[in-house]
Amino acid sequence: ANNNHVLKVVQYIHENYSKDLSIKIIADKVHLTPAYLCQIFRKHMGDSINQYIIKYRLEKSKEFLKDKQLKLTEVANKVGYSDANYYTRLFKKNYGVTPSEYRDKYYL
């Protein structure tokens, strides 16, 4: 059952990454306590739910960065971040470059 719960959570994150994703909302969806959900998710995935959400959102944002018409604030919003500065900091922390630098480097 644990694996099944984790799969449901991963699927839910993939379908709702652009929305507000709190541990509580996700735990309610799979009818588990937030504490237990966090425990089994980390055990199966190696990352916390929040780390997984961040990584997934940032990977998705790379796809949106290909579209030069989109402003960075729009890219941030599309992957669930209302604060573009926060999104930029997360991106740089994870990839070593800002979203703008990434875009300039890969999509001239």
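The values are calculated or read from the model by the stated rules, or taken from the named source; none is laboratory data. If you're wondering where the values come from, they're calculated on a predicted model, not measured in any experiment. Neighbour counts are summed over all protein chains in view; Cβ atoms, including those assigned to glycine, are modelled from backbone coordinates with ideal geometry. SASA here: full protein model, heavy atoms, side chains in, ligands and nucleic acids out. Shrake-Rupley method; radii C 1.70, N 1.55, O 1.52, S 1.80 Å.
Computed values, structure above
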read-out	value
Per residue solvent-accessible surface (Å²) - the chain, probe of 1.4 Å	61
Charge dipole (debye, nearest 20) of the chain; +1 at Cβ of Lys and Arg, -1 at Cβ of Asp and Glu	160
Helix axis angle, 49-65 relative to the chain longest principal axis, alpha carbon, degrees	30
Anchor K68: aspartates and glutamates whose Cα lies under 19 Å away (excluding residues fewer than 8 positions away in-chain)	E59, E101, D104
Residue-count net charge about D28 - beta-carbon cut-off 15 Å; Lys, Arg +1, Asp, Glu -1	+3
Nearest-ten-degree value, helix 34-45 long axis tilted from longest Cα axis of the chain	70
Within the accessible area of the chain (1.4 Å probe), percent carbon and sulfur	51
Cross-link pairs beyond the 23 Å C-alpha cut-off, checked among K29/K66; K8/K43; K66/K92; K8/K60	K29/K66
Cα-based convex hull volume of region 10-100 per residue, rounded to whole Å³	92
Helix 2-16 axis, angle to the chain major axis (alpha carbon atoms, nearest 10°)	30
Value of [θ]222 nm, deg cm²/dmol, for the chain, DSSP H segments ≥ 4, -39500 (n - 2.57) each, nearest 500	-22000 deg cm²/dmol
